[in-house]
Amino acid sequence: MSAYPFLTPAFLDALEHSGSVGPGSGWQPQHLRIIDGDGEQAFMPLYLKSHSWGEYVFDWSWADAYRRHGLDYYPKLLSAIPFTPATGPRIRFAPHTDQAPLIRQLASQAIDLAREHKASSWHILFPDSDQMALLESVDEPSLMRRTGVQFHWFNQNYECFDEFLAALSSRRRKMIRRERRQVAEQDFTIEMVPGEAIDHRLWTFFYRVYHRTYLKRSGNAGYLTRDFFMALGENLPEQVTMAVARRSGDPVAAALFFHDATTLYGRYWGCEGEYDFLHFELCYYRGIDFAIEHDLRKFDAGAQGEHKILRGFTPVETHSLHWLAEPAFAEAVSRFLAHEQQQIAGYRDEAAELLPYRDGSSPPVMYPDD
């Protein structure tokens, strides 16, 4: 059974060895480990941050408030998977361990490290529900919960894509079929390439279009280096697959996915040009096809994207946990989070009303690791 891919040594080492995190990136690894005579019992990724880029839980207003009061918000400590807003475990445990005391020990070590570095805060982003409950049960530090919303697709034991479409309203069913038909009419050959079959040339192409996507959207080259993608192909091929669109045999667009025993994760995309609905086909519809074929429970297609709702992606809550060293700011943030939670709950419920499923067949609004 494959594990959550983003906490594996292969993924985290690829980030560091490729220079995607480390000196000069604003992500300085400070990982915590608990080791005894039987070896590593627990591991928690931890980074000393000098900015808030690449996190997808936005605290720029907190940093600005610190600045306006003459305090330094950076550095801060962050337990997260860099550039990866995918809910999952944030601590890797050895099998058959008692997790609660290990989490207490890791939390204590994180706070000691924060004080050593004069960090303003410690943040845990996108933990799964089990580890979030354990972290919230720790007496010291007391962690504040923040809630967000993403859009995930849930597999209702569909046998094929057409069975999924049958669960939708006629209007949305026709829309999706029209979009897929228009992609087919543009003479693309599309295939899902497993990690073992992604060669050096295809990884090079993918990095180029990933780079192009970031230049178009934000004017920078993206967070990840070419060496990172090459390392994925070498060290994590069994949990990677790529949707590739070709014309005359040459790739023109691709979307990169990760997967474990239950979930497909859509992460990165790029394209050489502009083509009608090709993004939807590669990033969403091929992912749904893959999840159905491999009997995966859900498809996490990444952060943001309200356009996913009309294509069957359900609004779900995501969470983060926060500790601030300065008591007055911690109290202010606590009040802010209580108000924000009400707004988020209202937004989630309004978004759920737009789901395209026929009456009585809509998947329930779920926490993403339920």
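Per-structure values
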{"read-out": "Filtered residues of the stretch 249-276 (kept if surrounded by fewer than 17 Cβ atoms within 10 Å (Cβ to Cβ) and either out of contact with any strand residue (DSSP E or B) (no Cβ under 9 Å at 6 or more places or on another chain) or closer than 17 Å to Val209 by Cβ (or both))", "value": "Gly249, Asp250, Ala261, Glu272, Gly273, Glu274, Asp276"}
{"read-out": "Selection count, the stretch 130-146, where residues are farther than 20 Å from Thr263 by Cβ and either within 24 Å of the chain's Cα centre (by Cα) or in a helix (DSSP H, G or I) (or both)", "value": "7"}
{"read-out": "Enumeration of residues in the stretch 2-55 that are outside any strand (DSSP E or B), at pLDDT 95 or above and under 24 Å from Leu134 (Cα atoms)", "value": "Tyr4, Pro5, Phe6, Leu7, Thr8, Pro9, Leu12, Gln30, His31, Pro45, Leu46, Glu55"}
{"read-out": "Hits in the stretch 216-245 (condition: surrounded by fewer than 20 Cβ atoms within 10 Å (Cβ to Cβ) and outside any loop (DSSP other than H, G, I, E, B))", "value": "Lys216, Arg217, Ser218, Arg226, Asp227, Met230, Glu234, Asn235, Pro237, Glu238"}
{"read-out": "Residue satisfying all of: in the stretch 64-98; assigned to a loop (DSSP other than H, G, I, E, B) and among the hydrophobic types (A, V, I, L, M, F, W, C); nearest to Phe6 (Cα to Cα) among these", "value": "Ile81"}
{"read-out": "The stretch 10-65, residues that are of a type in the set (Val, Ile, Thr) and either farther than 26 Å from Leu102 by Cα or under 21 Å from the mean Cα position of the chain (by Cα) (or both)", "value": "Val21, Val57"}
{"read-out": "Any hit, the stretch 200-215, residues being of a type in the set (A, V, I, L, M, F, W, C), more than 19 Å from the chain's Cα centre (by Cα), within 16 Å of Tyr284 (Cα to Cα) and at pLDDT 95 or above", "value": "no"}
{"read-out": "Listing of strands (runs of 3 or more DSSP E) fully contained in the stretch 256-370 that carry 1 or more residues being over 22 Å from the mean Cα position of the chain (by Cα) and not assigned by TED's automatic domain parsing to the domain that holds Leu215", "value": "314-324"}
{"read-out": "Criterion: assigned by TED's automatic domain parsing to the domain that holds Ala291, more than 26 Å from Gln150 (Cβ to Cβ), among the polar types (S, T, N, Q) and outside any strand (DSSP E or B) - qualifying residue of Thr204, Thr213", "value": "Thr204"}
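The values are calculated or read from the model by the stated rules, or taken from the named source; none is laboratory data. All of these numbers come straight from a predicted model, not from anything done at the bench. So basically every Cβ, Gly included, is an ideal-geometry build from the backbone, and we count neighbours across all protein chains shown.
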